Amino acid sequence: MRPEHLATPEALESFLHGFEQGTLAKSEWTHGAHLAAAAYYLFDSDFAAILPLMRARISAFNLSVGGVNTATSGYHETLTQFWLLIVAEFLRQRQPGSRLEAAQQAVAVFGQARTLHTLYYSGDVVNDAAARRQWRQPDLLPLPENRAGNQASPTI
């Protein structure tokens with residue numbers, strides 16, 4: 001994710017508007033961008049409310065840039081839920097003061113951690129067609145429950 005997208009609240013909102021409208025360049029939809037969007041939406045909401053939103057928006061964005069959502073490409077249910085849970089717990093613990101701070105902190109801490117899921121999952125969850133279609137529980141490390149009763153990450 002380019003630093004200028006996290007420079008001001010207006011820049012972040014403009015970036016997310018591009019994602020939501022499908023006008024963001026495909027190359028801009030990076031791991032950091034996923035994290036920033038998750039933190040932005042989760043800032044004043046919870047996992048249960050944001051999961052369907054992210055599911056729909058990521059799927060729609062993929063189509064808007066010429067991608068597909070199939071068993072081998074596009075939207076990935078397990079990774080989406082995994083990262084939403086990680087970010088939700090991170091925000092619960094950190095309590096950032098604004099959506100911008102939430103996005104900045106999530107990207108700073110997890111932006112280079114694309115493979116964090118490998119600590120929780122054995123095998124190749126990224127290329128697992130079943131995990132792409134539906135949530136797969138971690139089999140190496142558990143995601144402890146947070147106060148909302150959803151599973152979430154260990155203390156970060």
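Mean-square fluctuations from a GNM of the chain, with a 10 angstrom spring cutoff on Cα atoms, peak among Leu100, Leu119, Leu42 at Leu119. Among rounded, prolate and oblate, which fits the stretch 1-83 when a ≥ b ≥ c are the square roots of the eigenvalues of its C-alpha gyration tensor, a/c under 1.5 means rounded, and a/b larger than b/c means prolate? Oblate, because a/c is 1.5 or more while a/b does not exceed b/c. Only one of the listed values, [x] 65, 37, 31; [y] 40, 37, 26; [z] 45, 42, 23, was derived from the coordinates as Cα extents along the principal axes in Å; which label is it? Among [x] 65, 37, 31; [y] 40, 37, 26; [z] 45, 42, 23, the one derived from this structure is [y].
The Stokes-Einstein estimate for the stretch 85-134, based on a Kirkwood radius over Cα pairs and taken at 4 °C with 1.567 mPa s viscosity, is a diffusion coefficient of 103 µm²/s. Calculated mean residue ellipticity, 222 nm, the chain: -16000 deg cm²/dmol, from DSSP H runs (n ≥ 4) at -39500 (n - 2.57) each, averaged per residue and rounded to 500. Scanning the chain for DSSP H helices at least 20 Å long along the axis (C-alpha atoms) with a Kyte-Doolittle mean no lower than -1.0 picks out 47-64, 77-94.
Highest mobility in the GNM of the chain, judged by mean-square fluctuation with C-alpha springs under 10 Å and restricted to Val107, Val87, Val125, is found for Val125. Per residue, the stretch 23-156 exposes 48 Å² of accessible surface when a 1.4 Å probe is rolled over the protein heavy atoms with every protein chain present.
The values are calculated or read from the model by the stated rules, or taken from the named source; none is laboratory data. This is a predicted model, so every value here is computed, not measured. Heavy atoms of the whole protein, side chains included, go into the accessibility calculation; ligands, DNA and RNA do not. Shrake-Rupley method; radii C 1.70, N 1.55, O 1.52, S 1.80 Å.
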